[in-house]
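Working notes, structure below.
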Amino acid sequence: MFELTKYQMPPAVETREKSRRRRMEVFAFLFLAAVFIPALAVATVGAFGFTVWIYQTIAGPPGPPEH
C-alpha cells in the first residue's frame, strides 16, 4: 500500500544525535550503577530485616523454648 523510505539525516545532525545518545547511555549507566542498584540493595535488605522483625514479634525470639 505505502512504500516507506528511510530518511537520511545530514552527517552533522547524525553525529550530534549519536553523541547525544552516547551521553544519555552513559548517564543511564551511571544512574543505575551509582543510585538505583545500591538503593535496591538497601531496600531488599531492609525489607528482609523488617520481615524477620515482624515474624519474631509474632512468633517470639529464636532459640529453644523456655521451661
Quiz item: What longest range of the chain stays clear of loop-exposed GluC sites (Glu not before Pro) (DSSP non-H/G/I/E/B, at most 14 other C-beta within 10 angstrom)?
Solution: 4-65
Quiz item: Of Pro38, Tyr7, Phe27, whose Cα points farthest to the positive end of the dipole of the chain (charges on the beta-carbon: +1 Lys, Arg; -1 Asp, Glu; origin at the Cα centre)?
Solution: Tyr7
Self-check item: Cα-based shape type of the chain, given that a ≥ b ≥ c are square roots of the gyration tensor eigenvalues and the cut on a/c is 1.5
Solution: prolate
Quiz prompt | Cα→Cβ-extended label distance, 7 Å offset, between Thr57 and Ala41, nm | solution = 2.8
Quiz item: Using a simple spin-label model with points 7 Å from Cα along the Cα→Cβ vector, what separation in nm is obtained for Phe27 and Ala12?
Solution: 2.3
Quiz item: Where does helix 37-59 land angle-wise versus the long Cα axis of the chain, in degrees 0 to 90, nearest 10?
Solution: 20
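Here, each number is a calculation from the coordinates, and none is a lab measurement. Bear in mind the structure is a predicted one, so any value in this text is a computation, not a measurement. Glycine gets a Cβ as well: all are built from the backbone with ideal geometry, and neighbour counts include every protein chain shown.
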